[in-house]
Each structure stands twice: as C-alpha cells, then as structure tokens.
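Each reported figure results from applying straightforward, stated rules to the coordinates on display, with no laboratory input. The structure presented is a predicted model; accordingly, all values stated were derived computationally and were not measured. Virtual Cβ from ideal backbone geometry, glycine too; neighbours counted across all protein chains shown.
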Amino acid sequence: MGRATKMARSLWNLREFSVSAVRIATPPGSSGPVLAPVVQRLQEAFQDAAIPIQLLPDWDFGVATEAPLLVLYPPPDQALTPEWLQEAGGGLAGSYHRLLAQLEAVAAGGFGAEVRLVNLALSSAPRLIGWSVDRLQPLIQGEPVEGAAEQCPDLWFQPRPEPFDARLTLDLLEADPAILAAYLALEAHPLAASAEGRNPDRHYPERLRQAAGLERLLAQRHASARADADLRLLGGELGAARAELIDAAWIRQQLSDQLHQMQAALDDLELSQVEVKRLEQELAEAQLRHADLQANQQMIQSTLEQAVQHSRSQGAMQGAALGVISALLRQLSRTRGA
C-alpha cells in the first residue's frame, strides 16, 4: 500500500470518528487585510492535506487536550495594524510578552510537546503538516503514516517584507527597541524555530533593511503608481458603465410605461370589442323583429285586399239584385194599369 493511500485512509478514519483536529490559535487581527491572506493560505494547506482543523481566535488556547496546537504569530512587519500597535498591554511588545506568558502556562501544564509556535513569515507549511500528522497518529485508527509531509505541496510563507512595510518597521523598532527584543524572545522559544529545525530570526533588522532598499522602494512606488492609474482607469470605466446603466434603466422605464399604455389600450380595445358584439347582437334581434313585422304587414295587406274584393263582389251582387227588383216593380206597375 502506497504512502499516499495510507495517509488518505488514516485521515479518513480520523474524520469518520471525529477523534480530534489540529487546533490553530490565530493572532489578533487575523481577519484584517494583512494577516487574513496568510492565515487563509495555511488553512488551505491543511485542507488540501485532508487534515481537520479547529480555529481558536485571538490566541485563545481553549481547554488543554491531546490534539496538537499551532500558535500563529506575525513578525513586526505583519503587525502594523491598530490591533497590535494600540494594544492596551503595551503595544506590539506587550502582545508578544502576553503570548510568551501563555506559553509558559501551557508548558507548566505539561502540554508543551503538543504545541508549536508558527512564524507567519518563516515557517514551513509542509513541516507543520508533517508534525501535526505525527501528533495525530496515536489518535488515528489505521496503519502508521510515514513521510506524510512529502504528500503536501511545498507551501512556504513569504519571508521578504514589502518595502514600505519594512521601512515603517525599521522606524518602529528604532522608536521602541522592546518590540525587537520581544520578537526575538519568541523566535528563541523552544517551541518556535528550533522545534521546526530552522534558525531563529536573529538577523531580522538586516532582512528589513534589504527589503527597504532604495531600488525596492522605487519599484513598489512605481507599482503603486501603476495600480493607482489602473484604479483611475477602472473608475472611469465604472463611471461610464454606471452612466450606461442609468440610461438603460431610463430606457427600461420608458419601455415599461409604453407597455403599460399598450396594455391599457388593449384592455380598452377588448371592452370595445365586447360592446361591438353586444350591438351586433341587438342589431340582429332588431332585424329579426323587423322581418316579423314585414311578414305581419304583408299578411294584413293580403287580408285587406281579399276583404276589398269580397266587398266589391257583394256590391255587384246587390246592384244586380236591385236591378231585378226594379224591373219586377216596373212590370208590376204596368200590370196594374192595364
């Protein structure tokens, strides 16, 4: 069975039984724009290795357990934020001292072997993952995992500070030498550099001076100027796009109004068509009544003509009868005179 298969199988058992997870104590300000990308990168390294993690914000170590604990801390150039510089307990140096005091309490409790200090500029993600797997191994059901760190990509943090941050940090260290002393005390802690197999960051000021060289400062200034120009260009394009969007919204409103007007006209037309149908029905009924009246008139006319003809026939018969009577009367008169 290959090492990658063994690791996947063992870590699957870990997730399946929810035995434990690597605890990561993040420093104050981890959600800010400076530390958030660095912490996120470390999280993604553990997630890519399929190792469950539990985040503990603001150096809250929580209840001591057998699970490994990674305590993250930034070098001074990554701590140029109000959360660090305005710390009520003495600024940045006070924050470092507070972390050292917490570590002493952890060591006094007998859990130092399960704790590792992680420098967010110099530590190695593969080594941290390998150390975490070694600490989780007794909690995992399955075969031992060898060379677990080799299964992870070589994700180193960025040891070279940004030029402007390096320049500001040099001025900060000159104004408050206690910051450098506290930082180097963290680096010299047994759970920090020596536990990871690297040298403490004793030459930190030299690293800052190299990062804050004139050429690098000018390069960053030019890059910042280009970024500003790009932002202005994007701002102009955004303004033009916003104007087009406003025009499109106005056109849409006009079309919507026209559509409503057309819908109202269609509704009126539909009502008119209903009215026309009603009038057509009334006209058809009137035409039927007119046809009935014409038929009745023709029948009456025919009856009247028949009556006239009958009357004329009766008048002729009466005239003939009167003529006969008159002739008989004349004949009777003659007979009497004879």
- Item | Whole-number D in µm² s⁻¹ for segment 287-338, Kirkwood Cα-pair radius fed into Stokes-Einstein, 20 °C, 1.002 mPa s | 148
- Query: By what distance, in whole Å, do the Cα atoms of segment 238-289 stretch along each of the three principal axes, largest value first?
  - Reply: 75, 7, 6
- Please give the direction-averaged projected area of the C-alpha convex hull for segment 259-316, in square nanometres with one decimal. 4.1
- Query: To the nearest whole percent, what portion of all C-alpha pairs in segment 166-243 is separated by more than 22 angstrom?
  - Reply: 52
- Query: Rounded if a/c is under 1.5, else prolate if a/b beats b/c, else oblate: with a ≥ b ≥ c from the C-alpha gyration tensor eigenvalues square-rooted, which is segment 192-338?
  - Reply: prolate
- Quick one: Karplus J couplings for segment 24-39, per residue in order, coefficients 6.51, -1.76, 1.60, θ = phi - 60°, nearest Hz, x for Gly and Pro? 10, 8, 8, x, x, x, 5, 8, x, x, 7, 8, 4, x, 5, 5
- Query: Points 7 angstrom from Cα along the Cβ direction at SER224 and ALA307: gap in nanometres?
  - Reply: 12.2
- Item | Projected label distance in nm at GLN263 and ILE300, using a 7 Å step from Cα toward the beta-carbon | 5.7
- Rounded to whole Hz, the Karplus (6.51, -1.76, 1.60) HN-Hα couplings of segment 44-59, x for glycine and proline: 5, 4, 5, 5, 5, 7, 6, 9, x, 10, 9, 7, 10, x, 6, 6
- Rounded to two decimals, the Debye log10 I(q)/I(0) of segment 25-64 (Cα scatterers, no solvent) at q = 0.20, 0.22, 0.27, 0.34 Å⁻¹ is -0.64, -0.74, -0.95, -1.09
- Query: For TRP250 and VAL276, what does the FRET efficiency come to when R0 = 30 Å and r is the distance between their Cβ atoms, rounded to the nearest 0.05?
  - Reply: 0.20
- Message: Between GLN86 and ALA50, what is the label-point separation in nm under the 7 Å Cα-to-beta-carbon projection?
- Response: 4.6
